[in-house]
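*Asks:* Right, I'll just put the structure down here and ask away after.
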Amino acid sequence: MGKVLVLNASYEPLNITSWRRAVVLLLKEKAEQVEHNGRILKSSFPLPTVIRLRQYVQVPYKEIPLTRRNVLHRDGHTCQYCGSKEDLTIDHVVPRSKGGEDAWENVTTACVRCNIKKGNRTPKEAAMPLTTMPRRPHSSLHFEITKHLRGGINEEWRKYVIGMS
Ligand SMILES: [Zn+2]
């Protein structure tokens, strides 16, 4: 069964949890049901898809690991030079040989062809402008939610997430 989006008391998304944990929160009256998928768990208890905590909780910032998979996800699995979705690699915008770092702001998704064409140059030197300037993803939750939404599941979460494409 599916995952449940947990909203803070302020209606901001807080985390993603299992339906079991969500049901426990509802039964303990720590949360209220916001959306359900119409499936009945037992005796008129619909299975939740979005719940909201009754008490506001403070959220610590969580670092997102800089991995190939996460960079591809951030960039929508699209070459940031030509828009290709095939043969994707990770490109250092400022090449490592020129002091470019392993950092969110300096890595981008590039297809093999663009990566080879760009070679050991900056985008400016290679006259290959980036379609999007690489940035650090602003929250790990936002990141997780977009993965779910891009997978075509939990569409009903979308309205609780601001600025999500
Ligand atoms: Zn390309």
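Just so it is clear, none of the values below were taken in a lab; they were calculated from the coordinates. These numbers were taken from a predicted model, which means no experiment stands behind them. Cβ: placed from backbone, ideal geometry, glycine included. Neighbour counts: every protein chain shown.
*Asks:* Can you give the relative contact order of the chain as a percent, counting alpha carbon pairs under 8 Å and 6+ residues apart?
*Replies:* RCO, the chain: 20 percent.
*Asks:* Taking the alpha carbon gyration tensor of the stretch 68-118, what are the square roots of 5 times its eigenvalues, largest first, to the nearest whole Å?
*Replies:* 17, 13, 7
*Asks:* Given Cβ point charges of +1 (Lys, Arg) and -1 (Asp, Glu) and nothing else, what value in debye, to the nearest 20, does the dipole of the chain about its Cα centre take?
*Replies:* 220 debye
*Asks:* Can you give the % of DSSP beta bridges in the chain that are antiparallel, to the nearest 5?
*Replies:* Taking every DSSP beta bridge with both residues in the chain, the antiparallel ones total about 85 percent.
*Asks:* Let me ask something additional. How big is the C-alpha Rg of the chain next to the rule-of-thumb value 2.2 N^0.38 Å, as a ratio?
*Replies:* 1.32
*Asks:* Highest mean first, how do 107-114, 8-15 rank when packing is the count of other Cβ atoms within 10 Å averaged over residues?
*Replies:* Going by the mean number of other Cβ atoms within 10 Å, highest first, we get 107-114, 8-15.
*Asks:* With labels modelled as points extended 7 Å from the Cα through the Cβ direction, what inter-label distance (nm, one decimal) is found for residue 133 paired with residue 18?
*Replies:* Calculated label separation equals 4.3 nm.
*Asks:* Here's another thing I want to ask about it. Using modelled backbone amide H atoms (1.01 Å from N, in-plane), which distant-in-sequence or interchain residues come within less than 5 Å of residue 47's amide H?
*Replies:* Distant-sequence amide H within range of residue 47: 37, 38, 39, 40, 41.
*Asks:* Per residue of the chain, what 222 nm ellipticity follows from adding -39500 (n - 2.57) for every DSSP H run with n ≥ 4, rounded to the nearest 500?
*Replies:* The helix contribution divided over the chain gives -6000 deg cm²/dmol.
*Asks:* Rounded to whole Å and ordered largest first, report the semi-axes of the equivalent ellipsoid of the stretch 92-165 derived from its Cα gyration tensor (root of 5λ).
*Replies:* 32, 13, 10
*Asks:* For the stretch 100-105, in order, what is each residue's ³J(HN,Hα) by Karplus, 6.51 cos²θ - 1.76 cosθ + 1.60 with θ = phi - 60°, in whole Hz (x at glycine and Pro)?
*Replies:* x, 9, 7, 8, 3, 6
*Asks:* Helix 140-150 versus the longest principal axis of the chain: what angle, 0 to 90°, nearest 10, using Cα atoms?
*Replies:* So the inclination is approximately 90 degrees.
*Asks:* Longer than 29 Å from Cα to Cα, which of 124/147; 62/117; 3/62; 85/124 are they? Say none if no pair is.
*Replies:* Beyond 29 Å: 124/147; 62/117.
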